[in-house]
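Asker: Sharing a structure with you now.
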Amino acid sequence: MPSPVRMHLRELGENLSIARKRRREPLKAWAQRIGVSEPTLMRMEKGDPSVSMGVYATALWLVGRSQALPQLAAPEHDQGALEDAVRVAKARSVRKRPSVYGASPAPASNP
């Protein structure tokens, strides 16, 4: 797993832990609401990548942020695909058009 992804998961887990604590929710109650064991919740709050996405998504739902999930991979934010589409469009628009006066002159040859 790339280190930036690990870092983002750790940050997400930490943020979810802070959200739980700010709500004064005990670990046991929060785990029950999410539908996981306490050890799994503790791993999620540490950003463990082996915790299922469903657990993270449910925790986001509990803090009122699950509506942001679809935007994570929304097509309009897919920069790689957008760059590829622009590259293809540019390649299509750079076609050689025939000369208005007929065949183009032959390249000059050097003796």
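The values are calculated or read from the model by the stated rules, or taken from the named source; none is laboratory data. These figures come from a predicted structure and were not determined experimentally. FYI the Cβ positions are ideal-geometry reconstructions off the backbone, even for glycines, and counts take in every protein chain you see.
Asker: Answer yes or no: is there a residue in segment 56-77 that is touching a residue at least 24 places away in the same chain (Cβ under 8 Å) and surrounded by fewer than 14 Cβ atoms within 10 Å (Cβ to Cβ).
Answerer: no
Asker: Taking the condition of being closer than 17 Å to ILE34 by Cα and among the small types (Gly, Ala, Ser), how many residues in segment 48-90 meet it?
Answerer: Within segment 48-90, residues that are closer than 17 Å to ILE34 by Cα and among the small types (Gly, Ala, Ser) number 7.
Asker: Here's something else I'd like to know. So in segment 14-50, with the set limited to residues that are within 15 Å of ARG65 (Cβ to Cβ), free of Cβ contacts under 8 Å to residues at least 40 places away in the same chain and under 19 Å from the mean Cα position of the chain (by Cα), which one is surrounded by the most Cβ atoms within 10 Å (Cβ to Cβ)?
Answerer: Per the stated criteria, the residue is MET44.
Asker: Right, ALA29: part of a helix (DSSP H, G or I), among the hydrophobic types (A, V, I, L, M, F, W, C) and at pLDDT 80 or above or not?
Answerer: yes
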